[in-house]
1. Could you line up 315, 308, 268 from fewest to most neighbouring Cβ atoms inside 10 Å?
2. Treat the count of other C-beta atoms within 10 Å as a stand-in for reagent exposure and order 228, 42 from fewest to most.
3. Toward the positive end of the charge dipole of the chain, about the Cα centre and with charges on Cβ (Lys, Arg +1; Asp, Glu -1), which of 95, 156, 17 goes farthest?
4. Over the chain, what is the relative contact order in whole percent, taking alpha-carbon pairs under 8 Å and six or more residues apart?
5. Could you please state, rounded to a whole Å, how far the C-alpha centre of segment 318-355 is from the C-alpha centre of segment 14-52?
6. Residue 190 to residue 210: extension gain in nm, 0.36 nm per residue of separation minus the Cα-Cα distance?
7. Please build a GNM for the chain, connecting alpha carbons under 10 Å apart, and tell me which residue among 187, 208, 165 fluctuates the most.
8. Top mean-square fluctuation among 51, 340, 133, Gaussian network model of the chain, C-alpha springs under 10 Å?
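Read-outs: derived from the displayed coordinates by stated rules, not from any lab. The shown structure was predicted, so the numbers you read here are calculated from the model rather than taken from an experiment. Counting neighbours? That spans all protein chains shown, and the Cβs are built from the backbone with ideal geometry, glycine included.
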Amino acid sequence: MRYQQVGLLEHDPARAWAGYTLIAPLRTEMAYLVNMNGEIVHRWTLPGKLAATAYLWPGGRLAVTCESEGGPPVPQALGGNFYELDWHGAVVWHHLDPGQHHDFRRLPDGNTIYPAWRLMDPAHQKRVLGGIAGTEHADGNIYEDVIREVSPDGELVWEWPMTSLEMEKYPLSDGALRYGYAHCNTLFPMEDGRILLCFRNMDMIAILNRETGAFDWEMRDLTFGRPHDARIVEDGRILLFANNCGNDMLVPEHSRVLEIDPATKETVWVYKDRHSWTFHSSVASGANRLPNGNTLICETVWGRVFEVTREGEIVWDFVNPIFETELPISEGKGNWVFRAYRYAADGPEIDGNLP
């Protein structure tokens, strides 16, 4: 299928939440802001190829992780070079951890928290259950997730490894590759100090208690289909991008955005396209709740970012027109966007730099 249209596809000013949307094409050296008309109003040149996530932080600071050298041989969203850039692209903070992958967050005290890969010792590797037999890394090993927190000067102040769990209770999902245990693609710091984590290769979301090193709450569901971007929204509910819930061969594979009540583990809201096959990203992607109650969704493999109402109506729709992403799973270049965020014109992230 060829793209039929890129750029702005739809905009309903009366129902969309106005602001500037950050678009960062995956594995490129660029990030840009678009206004509600789909016009690029600001652009950054990155110090390297974007590994995955990009955020705007207060003060007009762009925070990214770019590819680095010397890290574990696990290519999925491997970054390691942390950069905080000012509005004009100057580097104001840098940290190097070649094991970092997927996500990172700035904490209120100025520290930074993120997942990283590291080689598991042989004894722990023998305890990894599930997944497809024989799909360990080509070097014969399994690499585990660790969550790390560093101070502004790069000092490691806290670390939590997956192997601290009773591993037999946490097998990999059927069909998952065994090179990584357990592919944490998102961490979301909660106001009470705990951390909401999303594990792709376990089809699991869990709340980690930093004090005990155990999960206070967890939920596994194979219909999540290798989920991404779990986050807390209003009333403590969890918003989640369920990548691929097509378990019936007669139903085309399709993605969903779920809002889950953690008290009951019931889905209280769901978005999927009316024609299910027209909304699907098998990898990456995300969703976040906007201040007006709408949801901004990023459909990675199509480079698409769109906003939906509570009723599922699309009120803003944009397709990244920049095809510079070197795709790891096919020939040629794509327009992939790992995640996207919208910021208010008068918010601290824009910091008065745009009208």
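1. Lowest count first: 268, 315, 308.
2. 42, 228
3. Result: 17.
4. Values: 924 pairs, mean separation 57.3, N = 355.
Relative contact order here is 16 percent.
5. Here the answer is 4 Å between Cα centres.
6. Working: separation 20, 0.36 × 20 = 7.20 nm, distance 1.11 nm.
The span from residue 190 to residue 210 would gain 6.1 nm if fully extended.
7. Looking only at 187, 208, 165, the largest GNM fluctuation is found for 165.
8. Its mean-square fluctuation being the largest, the pick is 133.
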